[in-house]
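**Q** To start, I am sharing the structure in question, which I have written as structure tokens.
The values are calculated or read from the model by the stated rules, or taken from the named source; none is laboratory data. Because the structure is a prediction, the values reported are computed rather than measured. Every residue, glycine among them, receives a Cβ derived from its backbone with ideal geometry; neighbour counts consider all protein chains shown. Accessible surface areas use protein heavy atoms only, side chains included; no ligands, DNA or RNA. Shrake-Rupley method; radii C 1.70, N 1.55, O 1.52, S 1.80 Å.
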Amino acid sequence: MRKINELKLIFDSKSINESFSRMAVSAFAAQLDMSVEELGDIKTVVSEAVTNCIVHAYRDTIGKIYITCTVFEEGVVRISVRDKGCGIDDIKKAREPLYTSLGGERSGLGFSVMESFSDSLRVRSKVGVGTTVTIEKKLKGKTND
Amino acid sequence: MSVTIKNKSTVIYAFIKGEIDHHSAPEIRENIDDAILLYENAKLVVLDFGGVTFMDSSGVGLVMGRYRLASQQGKKIRVDNLSDRDFRIMKMSGIPKLAEINKRNEE
Ligand SMILES: Nc1ncnc2c1ncn2[C@@H]1O[C@H](COP(=O)(O)OP(=O)(O)OP(=O)(O)O)[C@@H](O)[C@H]1O
Ligand SMILES: [Mg+2]
């Protein structure tokens, strides 16, 4: 694929940044032709990944969250969200629908939602080192609205 | 983000406006829980998502948590006016088994 443009964001794992980060990434991605629906999909995916960094990766601390958003000529957007937090011991289990290690007000749906609103989801993680979640989405554009 | 509570006979209505995420959820939750505990005679809690402009899985957690509290108080939960996307997210969870959920009329 041919890269057209790339955005990098680094910010603190504070919940107030959830809204900012999904707005920033979706606004950047909007240079590709996309429907309102697809813009919403991107916001949702970013919100899930960033929230996971805040509530899980840096559970009792504040760390940095690194986002790279790349847009490709073929109408594909790739978003990777990385943290240097606690890492995930069993990725397969973590990705199962409704699995959550926290309970309470968490429902264990984050990964299912990210999968459902993108075309591919890749999770790389190492305990004590951190986690990178990468999603790709092929945009159909406004014409398919 | 804001929550407006209305009480009509045995029904509590919570009209939620704005974005629901992990950051905004606690305040929304407190407002609704206060109402659930205040109106002892209410039998039904309607969470109205008509004014919700964005929601992620935190919205599912919000409904699940209210379902738990309402059940303890002998009340039922209903979720109204969900956007197509939010309806789809709710359906991915166990919520449809616990509460009636309804879509928005989008013209
Ligand atoms: N960045 C991360 N660092 C460490 N652990 C993570 C990370 N992201 C996810 N996890 C683990 O994977 C589990 C599943 O994540 P998922 O987003 O699907 O659900 P959740 O965050 O628990 O609940 P929800 O997203 O519905 O609020 C989490 O409970 C957590 O244990
Ligand atoms: Mg999550």
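**Q** So for the stretch B:2-103: antiparallel DSSP bridges make up what percent, rounded to the nearest 5?
**A** Percentage antiparallel, nearest 5: 30.
**Q** Let me ask another. Quick check: the angle from helix A:36-52's long axis to the longest principal axis of chain A, C-alpha only, nearest 10 degrees?
**A** The helix A:36-52 is inclined about 20 degrees to chain A.
**Q** Could you give the angle, 0 to 90 degrees to the nearest 10, between helix A:17-29's Cα long axis and the longest principal axis of the Cα atoms of chain A?
**A** 30
**Q** Hand me the GluC sites (Glu not before Pro) from the stretch A:58-142 located in a DSSP loop with no more than 11 other Cβ atoms within 10 Å, in residue order please.
**A** Within the stretch A:58-142, the qualifying GluC sites (Glu not before Pro) (loop, at most 11 other Cβ atoms within 10 Å) are A:73, A:74.
**Q** Largest first, what is the accessible-area ranking of A:1, B:90, B:64, B:1 with a 1.4 Å probe?
**A** The ranking, largest first, comes out as A:1, B:1, B:64, B:90.
**Q** What is the mean number of Cβ atoms from other protein chains located within 10 Å of the Cβ atom of each residue in peptide A:7-20, rounded to a whole number?
**A** 2
**Q** OK, next. Could you give the size of the charge dipole of the protein assembly as shown about its Cα centre, using +1 on the Cβ of each K and R and -1 on the Cβ of each D and E, expressed in debye and rounded to the nearest 20?
**A** It comes to approximately 480 debye.
**Q** What dipole magnitude, in Debye to the nearest 20, does chain B give about its Cα centre under +1 on Lys/Arg Cβ and -1 on Asp/Glu Cβ?
**A** Rounded to the nearest 20 debye, it is 480 debye.
**Q** Taking the 0 to 90 degree range and rounding to the nearest ten, how far is the long axis of helix B:57-72 tilted relative to the main principal axis of chain B, both from C-alpha atoms?
**A** 20
**Q** If I take the Cα coordinates of the stretch B:2-103 and project them onto the principal axes, what are the three extents in Å, biggest first?
**A** If we take the Cα atoms of the stretch B:2-103, the spans are 33, 27, 19 Å.
**Q** In terms of Cα to Cα distance under 12 Å, which aspartates and glutamates are near enough to residue A:126, apart from those fewer than 8 places away along the same chain?
**A** The reachable aspartates and glutamates, counting only those whose Cα sits under 12 Å from residue A:126, are A:83, A:89, A:90.
**Q** Within a 10 angstrom radius of each residue's Cβ in B:18-25, how many Cβ atoms of other chains show up on average? Whole number is fine.
**A** Mean partner shielding for this stretch: 6.
**Q** Any chance you could check the Cα centroid distance between the stretch B:22-63 and the stretch A:76-145 for me, in angstrom?
**A** 26
**Q** Past 18 Å, Cα to Cα, is the threshold; run A:3/A:84; B:8/B:76; A:93/B:91 against it and keep the listed order.
**A** In this structure, A:3/A:84; A:93/B:91 lie more than 18 Å apart at Cα.
**Q** Report D for the protein assembly as shown in µm² per second (integer): Stokes-Einstein, Kirkwood Rh on Cα pairs, 4 °C, 1.567 mPa s.
**A** Result for D is 69 µm²/s.
**Q** Using unit Cβ charges (K, R positive; D, E negative) and no other charged atoms, how large, in debye to the nearest 20, is the dipole of the stretch A:3-138 about its Cα centre?
**A** Rounded to the nearest 20 debye, it is 520 debye.
**Q** Further question: Please average, across the residues of A:105-115, the number of beta carbons from any other chain that are within 10 Å of each residue's own beta carbon, and give a whole number.
**A** Neighbouring Cβ atoms belonging to other protein chains average 6 per residue here.
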